[in-house]
Amino acid sequence: MLAGFVHGVMNTDNTTISGETIDYGPCAFMDAYDPATVFSSIDHGGRYAYGNQPAIMQWNLARLAETLLPLIDENSEAAVEAAAEVLSGFAGAYERHWDEGMAAKLGLAAPNRELVKNLLELMRAQKVDFTRFFRSLSAGTARTMFTEPEPFDAWAARRAAMLPADRAAVAAAMDRVNPVYIPRNHRVEEALAQAALGEMGPFHRLLDAVSRPFEERPGLENYAGPAPAGCAPHVTYCGT
């Protein structure tokens, strides 16, 4: 979630008993921030949209809990109560990790849920690239990503009042958790298409970029940008 990753079909059979998601077929990374982002060709209703993933994980865990009820307690009511108690802790645990992760991405010493909420609303309204924004924020150039920058200016002033005094250290810490390079969807498509023709160069270049995602390197500028304007919407399939 912190990297803008969309699994695509995060159902029960694609979630292991350890809680990890598997079977990455119709998956992709979000470009412009929008919690309704869907890439899978079969997800017409948005069940597995980016913003729905936390709730889907809890739903998957609930289905696992149902299968374990006979092992939890011979008394069915007691088993349900025990399982429900564990499951009820999921939302709080997720929100704690999300809040801490977003604080790190923004360079804050402590989480601030309202500040994050307001930022994401701005990013969604102005279709701001999710990955590029955080690196631009640490570099001091994020304002240029907004077509109407005044609301961002007001938000940035609130954030600035919360930052530690050593701004260089703040920027360095942000760059350690905010990637420059992700497997951009148009680059993945390019690599797949060329590989099918026997040309592995684009794949190896993309792999090199994303293997060291936090380290900005010369010559890789094209791997940091979004898809070109007018590029067709990215769609993935279970066979991918």
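For segment 188-203, the candidate set comprises residues that are assigned to a helix (DSSP H, G or I) and small (Gly, Ala, Ser); within that set, the residue that is most open to solvent (accessible area, probe 1.4 Å) is ALA196. Of the residues that make up segment 134-157, is at least one in contact (Cβ under 8 Å) with a residue 60 or more places away in the chain, hydrophobic (A, V, I, L, M, F, W, C) and surrounded by 15 or more Cβ atoms within 10 Å (Cβ to Cβ)? Within segment 134-157 (the criterion being in contact (Cβ under 8 Å) with a residue 60 or more places away in the chain, hydrophobic (A, V, I, L, M, F, W, C) and surrounded by 15 or more Cβ atoms within 10 Å (Cβ to Cβ)), the answer is no, since none of the residues qualifies.
GLY219 passes every criterion in (1) in contact (Cβ under 8 Å) with a residue 12 or more places away in the chain; (2) outside any helix (DSSP H, G or I) apart from (1). Residues in segment 204-223 that are within 26 Å of LEU2 (Cβ to Cβ), open to solvent by less than 80 Å² (accessible area, probe 1.4 Å) and either modelled with pLDDT under 95 or not aliphatic (A, V, I, L, M) (or both): ASP208, SER211, PRO213, ARG217, TYR223. Among the residues of segment 36-45, the one identified as more than 17 Å from CYS238 (Cβ to Cβ) and surrounded by 14 or more Cβ atoms within 10 Å (Cβ to Cβ) is THR37.
Here's the yes/no breakdown for (1) small (Gly, Ala, Ser); (2) at pLDDT 95 or above; (3) surrounded by 19 or more Cβ atoms within 10 Å (Cβ to Cβ):
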residue	(1), (2), (3)
ALA83	yes, yes, yes
PHE90	no, yes, no
ALA93	yes, yes, no
HIS97	no, yes, no
ASN112	no, yes, no
LYS117	no, yes, no
GLN126	no, yes, no
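State which residue is least open to solvent (accessible area, probe 1.4 Å) when the search covers only segment 11-20 and only residues that are within 12 Å of LEU61 (Cβ to Cβ) and at pLDDT 90 or above. Per the stated criteria, the residue is THR15.
Exactly one residue out of PRO183, PRO179 is in a loop (DSSP other than H, G, I, E, B), touching a residue at least 60 places away in the same chain (Cβ under 8 Å) and in contact with a strand residue (DSSP E or B) (Cβ under 7 Å, 6 or more places away or on another chain): that is PRO183.
The values are calculated or read from the model by the stated rules, or taken from the named source; none is laboratory data. As the structure is a prediction and not an experimental result, all values here were calculated from the model. Glycine also receives a Cβ, built like all others from the backbone with ideal geometry; neighbour counts cover every protein chain displayed. Side chains are part of the model used for accessible areas, which takes the heavy atoms of the whole protein and leaves out ligands, DNA and RNA. Shrake-Rupley method; radii C 1.70, N 1.55, O 1.52, S 1.80 Å.
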